[in-house]
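A quick write-up on the structure given underneath.
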Amino acid sequence: MNSFSVRARAWALLLGMGACAPFASYAAMQELADEDLADVHGQAFINLTTHSAGGVDFTRINFGLDIETQMNARKLQLGLYDRAGEAGNTADLDINAFALGTVNDATGQVNPFRIKDPYLEVAYRGSKIVGVRVGFGEAKGELSGEINRLTGNVPVYIKGTANAIYDKATPGQIFLLGLAGVYRSSQLEADAELVSSSGELDPVRATHSGIRNGDGLKCVSGCAGGWTDALLDLPFTKSNNCAVLGIATCFGLNQFQTLPVGDLARAGMDGAVRDMFISMQTEAVTWKGSAGQPDVNAIVGAFMNLPKYLDANGQLKAPIQLDFGQALNGIPRKDTCFGASNGSTAQGGC
């Protein structure tokens, strides 16, 4: 890979400080005794950490910030270059009308995207930079955009009643669901990942998310007990070529216009995703995990990491959680610009 293309335009907040004084003040500096210094504790606003691994050196700048932001960019496009096996003129990360946070046009309320402990890290071998990443120690909020392609680690968790599945099913499929002991009120769950349109795992310039081939649905409650579990474990009820019993299990990324990142039902930063980052690298780089997260192996090019997080019960959950209605029907875009309808933001119209 010879170059990266970065195209993004976003609002930014600039911090400034001014001072004026109605009178002059003079003071002489005095040396503090060692015992006085020992009583002083503090944390730097910015701190720097370094480490080495696999012949690569890493320098990371940590910013001790809590940020609430609502931002829009006409286009976020990273890694626009020819990649073997991929369509021409496509990018590793390609999102139109990208936005973090939403607004309520009727009330004038801003629903910010929350970020805690952002950082910037550089990976280098000798004097040559081989990777750069921008990350968040914790992140929580709504991410909007027309997602054309994604590269990286973006797991999705789907859970809810089978009612939406029944609504999409043919009479024959409804018969098979009933035979398997899956009813409209049955609670089902499934793990989804970045896949190809045929259901193969595809973390590179993916256009779809779904249940990959060989995986299937699990019944949480309201099914026919062991009978259902046994049937759902059989090969013919596993996802194959983006379908289970003929019902779609893969979904185009561009139909999800606004996605929840983290558990938005929990207060504050509870349920936040840890170590969300976007990186670019000219060779495969293993980025060290932050905030207790595992290390991440990023391939050459642009890479998005949106990892699982701990829920209220200490269980790992995917950063994006949908019900089956949202998975099958998509999610409309929420307003991200004041004075604009949902549709008018299609070109980043702020």
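List of remarks:
- Residues in region 225-242 that are touching a residue at least 24 places away in the same chain (Cβ under 8 Å) and part of a helix (DSSP H, G or I) were compared, and the one that is most open to solvent (accessible area, probe 1.4 Å) is 227.
- Scan of region 56-69 for residues that are open to solvent by 50 Å² or more (accessible area, probe 1.4 Å) and over 29 Å from residue 124 (Cα atoms), ordered by number: 68
- Scanning region 168-224 for residues that are part of a strand (DSSP E or B) and β-branched (Val, Ile, Thr), we see that the one that is most open to solvent (accessible area, probe 1.4 Å) is 220.
- Of all residues in region 307-321 being modelled with pLDDT under 80 and part of a loop (DSSP other than H, G, I, E, B), the one that is most open to solvent (accessible area, probe 1.4 Å): 313
- Residue 208, sole failed condition from (1) free of Cβ contacts under 8 Å to residues at least 12 places away in the same chain; (2) closer than 30 Å to residue 82 by Cβ: (1)
- Among the candidates 286, 237, 207, the residue that is of a type in the set (Val, Ile, Thr), in contact with a helix residue (DSSP H, G or I) (Cβ under 7 Å, 6 or more places away or on another chain) and modelled with pLDDT of 95 or more is uniquely 207.
- Test: residue in region 81-91 that is within 27 Å of residue 322 (Cβ to Cβ), surrounded by 14 or more Cβ atoms within 10 Å (Cβ to Cβ) and out of contact with any Phe, Trp or Tyr (no Cβ under 9 Å at 6 or more places or on another chain): yes
- Some residue of region 172-191 being closer than 30 Å to residue 97 by Cα, in contact with a Gly (Cβ under 8 Å, 6 or more places away or on another chain) and of a type in the set (Asp, Glu): no
- Scanning region 140-167 for residues that are more than 12 Å from the chain's Cα centre (by Cα) and basic (Lys, Arg), we see that the one that is least open to solvent (accessible area, probe 1.4 Å) is 149.
- Against the conditions (1) closer than 30 Å to residue 113 by Cα; (2) modelled with pLDDT of 90 or more, residue 43 satisfies every one except (2).
- Residue count, region 289-298 (criterion: at pLDDT 90 or above, crowded, with 16+ Cβ neighbours inside 10 Å and in a loop (DSSP other than H, G, I, E, B)): 0
- If only residues of region 105-139 that are in contact (Cβ under 8 Å) with a residue 40 or more places away in the chain, open to solvent by 60 Å² or more (accessible area, probe 1.4 Å) and farther than 29 Å from residue 59 by Cα are counted, the one that is nearest to the chain's Cα centre (by Cα) is 110.
- Being on the phi < 0 side of the Ramachandran plot and either open to solvent by 50 Å² or more (accessible area, probe 1.4 Å) or part of a strand (DSSP E or B) (or both) is true of residue 73.
- For region 102-160, a residue qualifies if it is over 15 Å from residue 70 (Cα atoms), outside any strand (DSSP E or B) and not hydrophobic (A, V, I, L, M, F, W, C), and the qualifying residues are 107, 126, 127, 151, 155.
The values are calculated or read from the model by the stated rules, or taken from the named source; none is laboratory data. These numbers were taken from a predicted model, which means no experiment stands behind them. Backbone-built Cβ (ideal geometry, glycine too); neighbour counts: all protein chains shown. Quick note on the areas: whole protein, heavy atoms, side chains included, nothing else; ligands and nucleic acids left out. Shrake-Rupley method; radii C 1.70, N 1.55, O 1.52, S 1.80 Å.
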